[in-house]
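The values are calculated or read from the model by the stated rules, or taken from the named source; none is laboratory data. The structure presented is a predicted model; accordingly, all values stated were derived computationally and were not measured. Here the Cβ positions follow ideal geometry from the backbone for every residue, glycine too, while neighbour counts run over all protein chains shown. To get the accessible areas, we keep the full protein, side chains included, count just its heavy atoms, and leave off ligands, DNA and RNA. Shrake-Rupley method; radii C 1.70, N 1.55, O 1.52, S 1.80 Å.
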Amino acid sequence: MRKYFSESFGTAFLVIFSTVALVYVSTFQVGQMFDQIAILGLSLVLMMFVFGPFSDGGHFNPAVSLAAALNKQITWKTFGFYLLSQVIGAVVGLFLAVSTLIPVINSQMSASSTGSTSSVSASKIYETLQPATSATSLPVALTIEAVFTFFLVFVTVLAFQKMPKQAPVIAGLGLTVSTFVAYPLTGGLLNPARVLAPAIMNGLGGSAHLWFFLLIEILAAALAGLAVKYYAKDDEAAA
């Protein structure tokens, strides 16, 4: 059970850090977009160092777990429980982050010099956290999400297999550079649990493209798992 709790806690904290960073940048103009993305990458490194020893390196992402299962780094039974743990962790982390931030945001808005009486609701924040195609067309957005989900999962799972001690740093760097390109265009964070959490909290409403993003991330993860199978072969076998 310890490894499932580790996956749940790690995913929850990852979502908390990413949500708070996003709201701080967008609402309070604390830092810039890259600061938010750097926090996301650093939090993944930290969670993998803390919880990774108890949970096969620390996935915190169903896409990573799927590729790991395809490469027999974990069993399919473990994958199922990891998936459940990650989704629960993402939902709990998002709820804690949003419920804590709403009073702060509304208090700040009411105390501002503009004298605004408007308020921010939880559902409004959940809607803004869901992936969208506002900056691109749907095919382009899905292509971007697929390419960088593939890249993130590939480098992470390959690192688990070839460089386990360096895997947290490699995965954190992979998430940082991938998110820097993908997030402004799609709003996705290359993580099905992170995509699904705001939709669940919002009653599975909001983004009309939710299921497209989930499907494309799953397909990209499966392809990344197959790519790792090839590149992780022994040198002699690969030749």
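The relative contact order of the chain, computed from alpha carbon pairs under 8 Å that lie at least 6 residues apart in sequence, is 27 percent.
Each peptide among 65-74, 7-16 gets the average number of other Cβ atoms lying within 10 Å of its residues, and from highest to lowest they stand as 7-16, 65-74. The Cα center of the stretch 1-49 and the Cα center of the stretch 54-72 differ in position by 18 Å. The gain in end-to-end length when the residue 34 to residue 219 segment is fully stretched comes to 63.8 nm, 0.36 nm per residue minus the alpha carbon separation. In the chain, the alpha-carbon atoms span a convex hull of 118 Å³ per residue.
Note that the chain presents 47 Å² accessible area per residue, ligands and nucleic acids not counted, probe 1.4 Å.
In whole angstrom, the stretch 23-93 maps to an equivalent ellipsoid with semi-axes of 29, 13, 10, each derived as √(5λ) from the alpha carbon gyration tensor and ordered largest first. Working note: 222 nm ellipticity from helices only, DSSP H runs with n ≥ 4, each -39,500 (n - 2.57), summed and divided by the residues of the chain, gives -25500 deg cm²/dmol to the nearest 500. Straight-line reach from residue 233: taking Cα to Cα under 29 Å and skipping same-chain neighbours fewer than 8 places apart, the lysines in range are 3, 72, 77, 162, 165.
Place the peptides 77-89, 145-157 in order of packing, highest mean first, counting for every residue the other Cβ atoms within 10 Å and averaging per peptide.
Averaged packing, sorted descending, gives the order 145-157, 77-89.
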